[in-house]
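Presented below is the structure to which this report refers.
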Amino acid sequence: MRIPLSSVALTGLETAYAHDALASGWISGTGAYLERFEAALAERTGRSHVIAVNSGTSALQLALLALDIGPGDEVIVPALTFVAPAAAVRAVGARPVLCDIHPRTWTLDPDSAARAMTARTKAIVAVDLMGHPADFDALARLGVPVVEDAAQAHGARYRGRPVGAEGIASVFSFHANKAVSTGEGGCVAVDDAGLMERMRLIANHGMSTARPYWHELVGHNFRMTNPTAAIGLGQVERWDELVAARRRVADQYTEKLRDTPLGLRPVAPWATWGCWLYSVTTPRCAELVAALRARGIDARGIWPALTSLPLYREAGPPCPVAEEVSATTAWLPTFADMPAKAVQDVVDAVRDVVETW
Ligand SMILES: *Cc1c(COP(=O)(O)O)cnc(C)c1O
């Protein structure tokens, strides 16, 4: 593809930190960069404690395990999301209950969630979908712990507060296509010291910090490496710049596509949108994607609603909004280093296609 969907934005800062980490010999899951990266993330999210782990999916599993969620439990998950939240629920042995999204936020619909609550509902994973915070005040009223999945929402705000601070625990992914990236990686941010202690135990083989090789529970190895954290520290130091650069790309798209028949992602009055991948909506979405791809532009239709995957078909009530948004929404190439010329090329191609409609 001539213009990729996504591309990482690394500078000499990340390279220098990574070299320093390698030169120090601390290349596994302990080291000074891990401590600095976790501290920088705590400051960024306003949380008291952060643990860095090897992926966003591990981060979700870790939060669920620390909340003691397992076989026999149900966890509410939005039907429209990258699969990780539903997979993480399954991975800890619990049952994901897929609920619909709200048409004005594209995030978990609190009414749909309320209708799906049972005596077995132990938690909700609310995804800040495609840069839009979930409706946390309404979800909190349902009375079970809420885990915030902010993997796609670096830079977004919920009622003025940066995302990453809602619910009992917040999760980020630092996969290469996320706005702040370590290649592979993730973290969990919490305020409760006891919960963090439990997560550190689970993420490190269940091994007591006071007594080596004394295992208090069956744990995992979810550790991030020190060189990975070094890349992450550089990225967190550039957080505002990375978020602003994506936002500039998004604003150019919005401005230049304003008079086309394409729809935009809705944004609630209480939300500040943080652009991850820019999306457009049209009933002729598949056609638009095919035409752009034929022109060397890596546009993509978004994920299928999880309810349409055989693996998750039995996992909840019908989710017509999730299915509708899934069928009519496409991503346009979006990355921090995207040259204005590339944005213009995408815009020209889009206009070229929709003008024939
Ligand atoms: C990317 C993503 C994840 C998973 O992150 P990985 O780091 O790829 O495991 C989890 N949740 C959401 C909403 C994501 O977009």
Tell me, what is the FRET efficiency for residue 209 and residue 13 to the nearest 0.05, using R0 = 30 angstrom and their Cβ-Cβ distance as r?
0.40
Taking every DSSP beta bridge with both residues inside the chain, roughly what % is antiparallel (nearest 5)?
60
Within region 192-267, list the chymotrypsin sites (Phe, Trp or Tyr not before Pro) lying in a DSSP loop whose Cβ has at most 11 other Cβ atoms in a 10 Å radius.
213, 214
Give a residue-ordered list of calculated ³J(HN,Hα) values for region 272-278 (Karplus: 6.51 cos²θ - 1.76 cosθ + 1.60, θ = phi - 60°; whole Hz; x for Gly, Pro).
10, 6, x, 6, 9, 10, 6
So how many Å³ per residue does the convex hull of the Cα atoms of the chain work out to?
131
Return the FRET efficiency for the residue pair residue 356, residue 309: r is the Cβ-Cβ distance, R0 is 25 Å, and the value is rounded to the nearest 0.05.
0.15
Rounded, prolate or oblate: which fits region 222-297, taking a ≥ b ≥ c as square roots of the Cα gyration tensor eigenvalues, rounded meaning a/c under 1.5, else prolate when a/b beats b/c?
prolate
Of the trypsin sites (Lys or Arg not before Pro) in region 94-157, those whose Cβ has at most 14 other Cβ within 10 Å and which sit in DSSP loop:
120, 141
With only Lys, Arg, Asp and Glu charged, each at its Cβ (+1 for the first two, -1 for the last two), find how big the charge dipole of region 15-84 is about the Cα centre; round to the nearest 20 debye.
200
With Cα coordinates, the longest principal axis of the chain makes an angle with the long axis of helix 32-45, in degrees rounded to 10, of 60
Nearest 10 degrees is fine. How inclined is helix 226-237 to the longest principal axis of the chain, computing both from alpha carbons?
50
Pop out the ³J(HN,Hα) list for region 179-192 in order, Karplus 6.51 cos²θ - 1.76 cosθ + 1.60 with θ = phi - 60°, rounded to Hz; leave Gly and Pro as x.
5, 10, 9, 10, x, 10, x, x, 7, 10, 10, 9, 9, 7
Largest fluctuation, 142, 311, 262 only, Gaussian network model of the chain with Cα springs under 10 angstrom, belongs to 311
Compute the Cα gyration tensor for region 83-158, then decide on rounded, prolate or oblate, letting a ≥ b ≥ c be the square roots of its eigenvalues: rounded whenever a/c is under 1.5, prolate when a/b is larger than b/c in the other cases, and oblate in all that remain.
oblate
Return the single residue from 211, 258, 293 with maximal mean-square fluctuation; model: Gaussian network over the chain, springs between Cα atoms under 10 Å.
211
Kirkwood Rh for region 40-99 from C-alpha pairs, in Å, is 12.4
With springs connecting C-alpha atoms under 10 Å apart, model the chain as a Gaussian network and identify which of 28, 112, 326 has the largest mean-square fluctuation.
28
What is the pair-distance distribution P(r) of region 253-357, computed from all Cα-Cα distances in 5 Å bins starting at 0, with each bin given as a whole percent?
2, 11, 20, 22, 18, 13, 8, 4, 1, 0
The chain: relative contact order from alpha carbon pairs under 8 Å, six or more residues apart, as a whole percent, is 24
Under a 5 Å amide H to amide H cut-off, with H placed in plane at 1.01 Å, what residues pair with residue 5 once short-range neighbours are removed?
298
Please state the shape class of region 99-242: rounded when a/c is under 1.5, otherwise prolate if a/b exceeds b/c and oblate if not, all from the C-alpha gyration tensor.
oblate
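Rule-based calculations on the coordinates, nothing more; no lab input. Just so we're clear, the structure is a prediction, and the values are computed from it rather than from any experiment. Please note: Cβ atoms are built from the backbone with ideal geometry, for glycine as well, and neighbour counts cover all protein chains shown.
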